[in-house]
Amino acid sequence: MDRILGLDVQFLLSFALQLINTGVLVFVLYKILYGPVLKFLDARTQRIQGNITSAETARKEAEELKANYETILANADAEKAGIIAEATKRAKEIEESIVATAKEEAARIKQNATRELELQKEKAARDMKDQIIDLSALIAGKYVETSIDEALQIKLLNDTINEIGDATWLS
């Protein structure tokens with residue numbers, strides 16, 4: 001009866017030793033390999049999870065920055081439009097001021113030219129009158145030489161001046 005259930009003792013001892021060896025091998029491998037590999041995998045899992053979290057945070061920050069930049073660009077466009085409108089308004093005011101100043105200057109120049117023309121005209125009339133008087137005096141001198149008396153000379157001179165008239169000198 002050395003056999004239990006038809007198995008001999010040698011087989012059972014061998015089988016028991018194999019079980020013990022397998023248990024020891026599993027225990028040793030668990031302590032030597034499984035623990036460090038498990039720690040490595042846990043660390044890797046945490047590192048990957050951290051990368052995913054930081055990537056998600058970076059994505060959210062990028063979206064916020066994008067929204068901020070879009071807001072800033074929209075504000076810049078509005079500010080640009082305001083600046084352009086203000087510059088256009090100021091340029092229009094300056095243009096109107098320049099045109100008004102130029103019109104005033106042109107009117108002043110025209111008025112001065114008209115006044116100068118009137119003065120020249122009056123001077124020419126005086127010069128012409130003086131020349132006619134001189135000519136009349138010369139003619140009168142010639143008549144005097146031919147024995148016309150002084151009263152007749154004055155009368156002739158006044159008649160000549162009255163005939164010509166002021167309207168002739170001024171035109």
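The values are calculated or read from the model by the stated rules, or taken from the named source; none is laboratory data. Treat the numbers as computed from the prediction; the structure is a model and nothing was measured.
Structure above, values below:
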quantity: Counted residues, region 99-121 - those being under 39 Å from the mean Cα position of the chain (by Cα) and hydrophobic (A, V, I, L, M, F, W, C); calculated: 6
quantity: Residue within region 135-143 that is at pLDDT below 90 and among the charged types (D, E, K, R) present; calculated: yes
quantity: Residue in region 62-70 that is assigned to a helix (DSSP H, G or I), over 30 Å from the mean Cα position of the chain (by Cα) and of a type outside the set (S, T, N, Q) present; calculated: yes
